[in-house]
Amino acid sequence: MKGHVFRYLTFIILTQTIVFGQSKNMAYIQGSRYIPLYGRDSTVVEVKDFEMDIFPVTNAQFIEFVKQYPKWQKSKALKLFSDKSYLYNWKNDSELKDSEKLNSPVTYVSWFAAKDYCECQGKRLPTVDEWEYAAMADQTSRDARLKPDYNKQILAWYETPKTNENLIGKNPKNVWGVYDLHGLVWEWTLDFNSVLITGESRKDVDKDSNLFCGSAAINATDLMNYAAFMRYAIRGSLKAKYAMKNLGFRCVKDINK
């Protein structure tokens, strides 16, 4: 009898693993409630479970993407969705400049292009809260924001030039198993400057190209978190068509239970 029960429980566990199995090259992020740098209606934000790409999207991956979706090639991307710096480090529609590496994070990519890339993979860009929640983890704890060394390491990266030229996966993974949230490039989020937008300025807006035009910062919750201040400041200065040499992205995926 005990043997039958054991086999049944093993079957259930294996079945659940298959049903809720982790996607390839993605890490499972267990959601929770946390206090972000900026509050909205309240200081506590609830983040639901989700999956996040282990690595940022690489040059090699984006090359394959533009081959499959030519509208995002360097010569074909609409000016409405990309500025003059779009894919600046590419020599043509399918090749990087000789100085670039295939396994470095793709940069000089607009929010529109990043968003479409993720959606074409059956994924999406992370929200600010999802990104910040995953990124507050270090190698041993889910929330390392009160550790002095954690913030020092991030600020040291902000002062280091040309980290966008480094290869992915060379920085230690955090406790979730995600690499390079810090130490490589800034990353686009779905609602990248929503914290700086008032409710009225977002009202009745249903086009992506009009979402990001606001200001009006809401009270900060941690005046000592300089690294987070810098991230929110960078996001608040962006427009969706911008492309920058140190701005890349990664995708996330909802978990359907």
Round to a whole number: what % of the accessible area of the range 62-109 belongs to carbon and sulfur, probe 1.4 Å? 53 percent
Rounded to whole Å, give me the distance from the Cα center of the range 225-247 to that of the range 133-162. 17 Å
5 angstrom amide H check on residue 26, placed H, neighbours 5+ away: 54
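For the range 134-176, what does the alpha-carbon gyration tensor say about shape, rounded, prolate or oblate, given a ≥ b ≥ c as the root eigenvalues, a/c under 1.5 as rounded, and a/b over b/c as prolate?
On the way: a/c = 3.03, a/b = 1.42, b/c = 2.14.
Oblate is the answer for the range 134-176, as a/c is 1.5 or above yet b/c matches or exceeds a/b.
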If amide H atoms are built 1.01 Å from N in the plane of the peptide, which residues on other chains or at least 5 residues away come under 5 Å of the amide H of residue 47? 32, 33, 34
Report the label-to-label distance for residue 159 and residue 140 in nanometres (one decimal), using points 7 Å from each Cα along the Cα→Cβ vector. 2.5 nm
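Mind running the shape call on the range 76-119? Use the C-alpha gyration tensor, a ≥ b ≥ c as the square roots of the eigenvalues: rounded below 1.5 for a/c, prolate if a/b tops b/c, oblate otherwise.
On the way: a/c = 2.24, a/b = 1.42, b/c = 1.58.
Since a/c reaches 1.5 but b/c is at least a/b, the shape of the range 76-119 is classed as oblate.
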In square angstrom, what is the accessible area per residue of the range 22-98 with a 1.4 angstrom probe? 56 Å²
Report the chymotrypsin sites (Phe, Trp or Tyr not before Pro) located in the range 38-115 that are in a DSSP loop and have at most 16 other Cβ atoms inside 10 Å of their Cβ, or state none. 88
So what are the ³J(HN,Hα) numbers for the range 109-117, from phi and the Karplus equation (6.51, -1.76, 1.60; θ = phi - 60°), rounded to whole Hz, Gly and Pro as x? 10, 6, 4, 4, 5, 5, 4, 5, 4
Once amide hydrogens are built 1.01 Å from N within the peptide plane, the residues lying 5 or more places from residue 187 or on another chain with amide H under 5 Å from its amide H are 248
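Between residue 233 and residue 91, what FRET efficiency follows from the Cβ-Cβ distance if R0 is 30 Å, with the result rounded to 0.05?
Working: r = 33 Å, r/R0 = 1.09.
It comes out at approximately 0.35.
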Restricting the range 110-202 to trypsin sites (Lys or Arg not before Pro) in coil, as DSSP defines it, with at most 14 other Cβ within 10 Å: 162, 170
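The values are calculated or read from the model by the stated rules, or taken from the named source; none is laboratory data. Keep in mind it's a predicted model, so treat the numbers as computed, not measured. With ideal geometry, Cβ positions are generated from the backbone for all residues, glycine too; neighbour counts draw on all protein chains shown. Just the protein is used for accessible areas: all its heavy atoms, side chains included, with ligands, DNA and RNA removed. Shrake-Rupley method; radii C 1.70, N 1.55, O 1.52, S 1.80 Å.
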